[in-house]
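**Q** Here it is, the structure in full.
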Amino acid sequence: MLRPMRFVLAAVLVGAGWLSAADETVWLTELDLSKMRQGWGRPQINRSIREKPLKIGGVAFERGVGTHARSTLWVALAGGAGRFTAFAGVDDAAGGPASIEFRLMGDGRTLWESGLMKPGDAPKAVEADLRGVKTLLLMVDDGGDGISFDHADWADAKFVVSGAKPRAVSAPVEPGVLLTPKPGPAPRLNGPAVCGGRPGHFFLYRIPAQGQRPMTFAAEGLPSTLRLDPHTGIITGTVPPRGEHPVRLRAENAHGRAARLLRIVSGDTLALTPPMGWNHWYAHYNRITDAMMREAADIMIRSGMADVGYQYVNIDDCWMNARPDAKRPDPMRTGPLRDAAGDVIPNRHFPDMGGLAAYIHSLGLKAGLYTSPGPFTCAGYAGAYQHEEQDARRFAGWGYDFLKYDWCSYGQVVKGDNSLEAMKKPYRLMGDILKRLDRDIVLNLCQYGMGDVWEWGAEVGGHCWRTSGDLGFELDRIFEVALKNAEHRQWSKPGAWNDPDYIQIGHIGSARGGGLPEPCPLTPSEQYAFMSLWCLMAAPLFYSGDMTRLDEFTLNVLCNPEVIEIDQDPLGQCARVVPLGAHAFAMVKDLADHSKAVGLFNRGEFPAVVEAPWSDLGIAGPHRVRDLWRQKDLSDAVSALRADVPRHGVALVRLFPRARQ
Ligand code: GLA
């Protein structure tokens, strides 16, 4: 209890002229703490983040805010506040190796900082003179080692106020500038430079092309097993005999022509570049229907997404039946799980699974679906347990091209057996079944990274694997998941992709409750950073927002072909991370043409100049610098890359070596 000290401090402040007798105390706990952003949990009033009494280094406090790194609270002062005081430290209940830094920023200037704090450290007295400051930012950083156990207390925290009271406000949001230039009327061919399949299997490829329609397509060197519709640009048929088949794609319209090489590789490997498409989950949860899937496929064409390479239209959970006795609000989704022959029964919102896949194919797109190796899916619908082969054959018979296989209730099957073999078993089983089918089905393992799945996902027949739990919508979590995902970069290669979950921007279903779609909470700069991270990591690119509410800004983030080309680069490399101080890092990715993609990221709360010397990027000599979001060349760089990067934003460039003189 630090009451006497508080009294002494007040007396000193009055003596120094910072306080007058009329000054009023406003406790931090009186502010609207719903505006506080933090890396884990919710801010607590007069309690630690774990809802225990506030205690730092053995000292108990009655009042204060318990939060968790990385935490920010923006406060508008309107000239009324004279001073902020508090005691800061790691809460004694953190229960692990926390490391935290507290900081107060006034109008972008550091007013006070704690330095690194660890569990058991005595509380540090916080004092900041706020006269003349318009906006105060309370920050808790993670000490550079991730946010685990970072339980942070702003104890006894209060403002001394003589006029307008401080007010918690939302973080500043910059205007949503459309960086991606509008495609011109002349044809521009996009999409992967390579695609693959197993000999003799169903082949479908809609040539991604921007530009005004009508457009005429041609394909020189097209194997005889394939046909091109010159009006739609859709190539269909069967995968040609084993080997590489270079095809020169051409497109022509009234405004010009374009050409691009596509290598069709017939062999054993699918997903030679990260799969791209749309998945319904984080927009529609258990509300999905056949009609919504068809509409999403239509919009994938109409919006131009397919013209930059989005291809799969994937149903997630809830297309099957849940048990009749389950407490489901929608009776259309309950009923028998299987028929007399043991076949899984789609629910009444999906009256024709084969017809749905055929419809998606008729647009030149591919179809995906979802199940679990357990008896039930994560949402409690019929899983594939003990019907794996039967279900896989059914999915292939219906014409599906992609399967997300989600662990969910499989834990009940293994009953606490945490061995690696137990983890691999259901995926190996499905992987082997799919290999025997006469249809190519991309297998997405969804088990949240258990047992270091990146090390064995490909071995059991997977083509991509989630490396973490569900991503959620918080920026810090997005950065954390991305940085973790990039740690597994050595396993990323054609046919084998680390999957950090879907792109959730635009309108997304409101968070955990599975609510109706609403605008995502990310700022424009954060959305550019999100998409850039995923492309630099060669992540599967699945948009999972509401397709019926795609706006111009969202499409500009999703559909920049020069940015997507980084994701789809045939080398398949995941970028490596280069830390650049407390709040910035670079991601550096080697590309097949010997250029490099580099993202300079600013996680800080203010715009910053971020600089990466050539030694960090592993290059030498002069380079042409292309700004990928704006699709324009900047001036050459000779020894370092330097960019103004917005708060939580990115500068994404491609560096091309200049021929040496
Ligand atoms: C898990 C997965 C999600 C989604 C849901 C469906 O949480 O990680 O991506 O598929 O199940 O229930």
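**Q** Filter the stretch 581-609 for residues that are open to solvent by less than 30 Å² (accessible area, probe 1.4 Å) and under 19 Å from GLU480 (Cβ atoms) and give the result.
**A** Correct list: ALA584, PHE585, ALA586, MET587, GLY599, LEU600, PHE601, ASN602, ARG603, GLY604, GLU605.
**Q** Output the residues belonging to the stretch 493-502 that are away from the ligand (no atom under 13 Å from the Cβ) and crowded, with 24+ Cβ neighbours inside 10 Å.
**A** TRP497, ASN498, listed by residue number.
**Q** Within the stretch 436-461, track down each residue that is assigned to a loop (DSSP other than H, G, I, E, B) and either of a type in the set (S, T, N, Q) or touching a residue at least 40 places away in the same chain (Cβ under 8 Å) (or both).
**A** Within the stretch 436-461, LEU437, ASP438, ARG439, ASP440, ILE441, GLN447, TYR448 qualify.
**Q** Please enumerate the residues belonging to the stretch 338-351 that are surrounded by fewer than 18 Cβ atoms within 10 Å (Cβ to Cβ) and in a loop (DSSP other than H, G, I, E, B).
**A** Residues satisfying the conditions are ASP339, ALA340, ALA341, GLY342, ASP343, ILE345, ARG348, PRO351.
**Q** Anything in the stretch 78-130 that is touching a residue at least 24 places away in the same chain (Cβ under 8 Å) and polar (S, T, N, Q)? List them, or say none.
**A** Of everything in the stretch 78-130, those that are touching a residue at least 24 places away in the same chain (Cβ under 8 Å) and polar (S, T, N, Q) turn out to be THR85, SER99, SER114.
**Q** With respect to LEU443, is the statement that it is within 30 Å of LEU536 (Cβ to Cβ), of a type outside the set (Phe, Trp, Tyr) and within 13 Å of the ligand (Cβ to nearest atom) true?
**A** Judged against the criteria, LEU443 is not a match.
**Q** Looking at (1) surrounded by fewer than 20 Cβ atoms within 10 Å (Cβ to Cβ); (2) farther than 28 Å from ALA529 by Cα; (3) in contact with a Lys or Arg (Cβ under 6 Å, 6 or more places away or on another chain), find the lone condition where ASP92 falls short.
**A** Here ASP92 meets the rest and fails (1).
**Q** If you don't mind, there's one more thing I want to ask. Out of the stretch 602-643, which residues are under 27 Å from PHE102 (Cβ atoms) and among the acidic types (Asp, Glu)?
**A** GLU605, GLU611, listed by residue number.
**Q** Right, next: For the stretch 400-420, which positions are within 16 Å of the ligand (Cβ to nearest atom) and of a type outside the set (Gly, Ala, Ser)?
**A** Passing the criteria: TYR400, PHE402, LEU403, LYS404, TYR405, ASP406, TRP407, CYS408, TYR410, GLN412.
**Q** Of all the residues that make up the stretch 462-483, how many are touching a residue at least 24 places away in the same chain (Cβ under 8 Å) and assigned to a helix (DSSP H, G or I)?
**A** The total comes to 8.
**Q** Another question about this same structure. Quick test of your reading of the structure: LEU204 fulfils all but one of (1) touching a helix residue (DSSP H, G or I) at 6+ places or on another chain (Cβ under 8 Å); (2) farther than 30 Å from HIS245 by Cα; (3) open to solvent by less than 70 Å² (accessible area, probe 1.4 Å). Name the failing condition by number.
**A** Evaluating LEU204 over (1) touching a helix residue (DSSP H, G or I) at 6+ places or on another chain (Cβ under 8 Å); (2) farther than 30 Å from HIS245 by Cα; (3) open to solvent by less than 70 Å² (accessible area, probe 1.4 Å) leaves (2) as the failure.
**Q** Follow-up question, since we're still on this one. With respect to ALA529, determine if the residue is in contact (Cβ under 8 Å) with a residue 40 or more places away in the chain and either out of contact with any strand residue (DSSP E or B) (no Cβ under 8 Å at 6 or more places or on another chain) or β-branched (Val, Ile, Thr) (or both).
**A** no
**Q** When you check MET423 against the structure, is it within 16 Å of the ligand (Cβ to nearest atom), assigned by TED's automatic domain parsing to the domain that holds CYS378 and farther than 19 Å from SER468 by Cα, yes or no?
**A** Considered against the rule, which asks whether it is within 16 Å of the ligand (Cβ to nearest atom), assigned by TED's automatic domain parsing to the domain that holds CYS378 and farther than 19 Å from SER468 by Cα, MET423 comes out as no.
**Q** If you scan the stretch 631-661, which residues turn out to be more than 22 Å from ASP567 (Cα to Cα), in contact with a Ser or Thr (Cβ under 8 Å, 6 or more places away or on another chain) and not basic (Lys, Arg)?
**A** PRO646
**Q** Restrict the check to the stretch 300-315 and report whether at least one residue is surrounded by 23 or more Cβ atoms within 10 Å (Cβ to Cβ) and within 14 Å of the ligand (Cβ to nearest atom).
**A** Yes, there is a match, as at least one residue in the stretch 300-315 is surrounded by 23 or more Cβ atoms within 10 Å (Cβ to Cβ) and within 14 Å of the ligand (Cβ to nearest atom).
**Q** Then there's this: So in the stretch 640-661, with the set limited to residues that are of a type in the set (Gly, Ala, Ser) and surrounded by 13 or more Cβ atoms within 10 Å (Cβ to Cβ), which one is farthest from PRO183 (Cα to Cα)?
**A** Among those that are of a type in the set (Gly, Ala, Ser) and surrounded by 13 or more Cβ atoms within 10 Å (Cβ to Cβ), it is ALA643.
**Q** Give the residue, chosen from GLY354, GLY364, GLY374, GLY397, that is in contact with a helix residue (DSSP H, G or I) (Cβ under 8 Å, 6 or more places away or on another chain), at pLDDT 95 or above, away from the ligand (no atom under 16 Å from the Cβ) and open to solvent by less than 10 Å² (accessible area, probe 1.4 Å).
**A** None of the other options fit; the residue is GLY364.
**Q** Would you check which residues across the stretch 18-49 are in contact with a helix residue (DSSP H, G or I) (Cβ under 7 Å, 6 or more places away or on another chain) and either modelled with pLDDT of 95 or more or hydrophobic (A, V, I, L, M, F, W, C) (or both) and list them?
**A** The answer is LEU19, PRO43, ILE45, ASN46, SER48.
**Q** Can you name every residue in the stretch 377-394 that is away from the ligand (no atom under 13 Å from the Cβ), in contact (Cβ under 8 Å) with a residue 24 or more places away in the chain and either touching a strand residue (DSSP E or B) at 6+ places or on another chain (Cβ under 7 Å) or open to solvent by 10 Å² or more (accessible area, probe 1.4 Å) (or both)?
**A** Hits for the stretch 377-394 are ALA384, TYR385, HIS387, GLU388, GLU389, GLN390, ASP391, ARG393, ARG394.
**Q** A further question on this structure: Among the numbered criteria (1) surrounded by fewer than 24 Cβ atoms within 10 Å (Cβ to Cβ); (2) on the phi < 0 side of the Ramachandran plot, which one does GLY514 miss?
**A** GLY514 satisfies every listed condition except (2).
**Q** If a residue counts only when it is more than 19 Å from TRP465 (Cα to Cα) and charged (D, E, K, R), which helices (runs of 4 or more DSSP H) contained entirely in the stretch 353-418 have at least 1 such residues?
**A** Because the criterion is at least 1 residues that are more than 19 Å from TRP465 (Cα to Cα) and charged (D, E, K, R), the helices (runs of 4 or more DSSP H) in the stretch 353-418 that meet it are 388-398.
**Q** Kindly provide the set of residues from the stretch 264-295 that are touching a helix residue (DSSP H, G or I) at 6+ places or on another chain (Cβ under 8 Å), away from the ligand (no atom under 16 Å from the Cβ) and open to solvent by less than 10 Å² (accessible area, probe 1.4 Å), ordered by number.
**A** If the condition is that a residue be touching a helix residue (DSSP H, G or I) at 6+ places or on another chain (Cβ under 8 Å), away from the ligand (no atom under 16 Å from the Cβ) and open to solvent by less than 10 Å² (accessible area, probe 1.4 Å), then PRO274, MET276 are the ones that fit.
The values are calculated or read from the model by the stated rules, or taken from the named source; none is laboratory data. Because the structure is predicted, anything quoted here is derived from the model rather than measured. Backbone-built Cβ (ideal geometry, glycine too); neighbour counts: all protein chains shown. When the accessible area is computed, the model is the full protein with side chains, heavy atoms only, and any ligands, DNA or RNA have been set aside. Shrake-Rupley method; radii C 1.70, N 1.55, O 1.52, S 1.80 Å.
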